[in-house]
1. So for region 37-56 (the condition being modelled with pLDDT under 70, assigned by TED's automatic domain parsing to the domain that holds Ile159 and hydrophobic (A, V, I, L, M, F, W, C)), does at least one residue qualify?
2. Taking region 127-150 as the search range and keeping residues that are modelled with pLDDT under 75 and among the polar types (S, T, N, Q), which one is nearest to the chain's Cα centre (by Cα)?
3. Residue under question is Gly251, and the condition is that it be modelled with pLDDT under 90 and buried (at least 18 other Cβ atoms within 10 Å of the Cβ); does it hold?
4. For the structure I just gave you, tell me whether Asp234 is closer than 19 Å to Asp148 by Cβ, at pLDDT 95 or above and under 21 Å from the mean Cα position of the chain (by Cα).
5. Is it true that Val307 is in contact with a Cys (Cβ under 6 Å, 6 or more places away or on another chain) and modelled with pLDDT of 85 or more?
6. Just to be sure, is His210 on the phi > 0 side of the Ramachandran plot and at pLDDT 90 or above?
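The values are calculated or read from the model by the stated rules, or taken from the named source; none is laboratory data. The model shown is predicted, which means the values in this text are computed figures rather than measured ones. Every residue, glycine as well, gets a Cβ built from its backbone with ideal geometry; the counts of neighbours run over all protein chains shown.
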Amino acid sequence: MADQFPPDTIYQILSRLPIKSLARFRCVCKSWLEYINDPYLETIHVAEEPTPIMFQQHSYVHPNNEVKEYCKISFLRAKQLETLVLGSCNGLILVRYDENHPSYNGTLLAFINPITKRRYNLPPVTVIYDFGNWFYLLTLRATGIGFDDSINTLKTVCIILKGRLHDHPLDVNLARERLCTVVHDSRMSSWREIAQVPAYPVCGEGVFAHGRLHWQVLSNLGSPEEGTKVVWFDVKMEEFGLIDAPKREGGGWFSDKLVDLNGELGYAYYESRSRVDLWMLKQEKWVLHCRFDLNHSGSCYYTYVEVLCCCNKEGDILLSLDSGIRLLVYTLKTGDIRAVGRGERRVSDILMYRSSLFSIRTSAY
């Protein structure tokens, strides 16, 4: 191929091929491998349709789980019984797993590459803290995975708590003193602790958008006058900061959650268990992205609704009902709400997965 076409033509052809095809074509010959591994190809590669993934702990799929044209669902299955999905970035999925591993030996994290079907184990996350004459293994409170484009590498961030948070739930300063942050990048073989810690304790998986990881602040910390906060971590500078969450409108029962909206940061409020207000961060300001009510759409009353992600390039919203038993899609342009599956599903982790040339160029993954 290199002898018949000029390089610009070859790059244009390869830029239109799916990631899975490029992964196979790397094995054809050395010249094809060089073209596909060239970072320039990733710059011009046509973005693929994002794919939501249902990550199941057991190899069981209900025969009635039919997926319609509104949303394509892929299934991944884990052999470990204690597997927890912690997010994805650049074509790799971060999971926490347990293979009869003693807890005092640290927390086990790994990357899973859906394209190559390989797993890469990270070093155990182990930090010991001295409480006087006692030593405690610390609790992993929050995680995140982001891409540092300045050094072309993935960084995994873990925020760890020294001791038990509920000992002093309202003492923000003491809670902050008990936090530590460790970082691992794909070029290194170990974790390193950094001096930076978040201003408030956070929990759960971070949402990566525009070079930053974002977490929600624990709701039982801080004063009501300050409002709800979002903690961010700049992956390149390795510094923490704060932004205000969008102001909630209306009253009644509610919950909230940070959401990845095709690489944009979203914030969802759930009012009275069925109404959804979804905000998006644009140039450091929150803008109302969409608002809808499942009860008004003719659907039955749900005990729990959750925004999962955007399920296509048009930005349609994938919703989970009653802890993943049912899935719906809210069509952004028309406001229609339609089911994308039938029958009961086992409770599983569902996340947005987007293929990336990074995941096939990096030999470790």
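1. Within region 37-56 (the criterion being modelled with pLDDT under 70, assigned by TED's automatic domain parsing to the domain that holds Ile159 and hydrophobic (A, V, I, L, M, F, W, C)), the answer is yes, since at least one residue qualifies.
2. Thr139
3. Taking the combined requirement at face value, the residue does not satisfy it.
4. yes
5. Considered against the rule, which asks whether it is in contact with a Cys (Cβ under 6 Å, 6 or more places away or on another chain) and modelled with pLDDT of 85 or more, Val307 comes out as no.
6. yes
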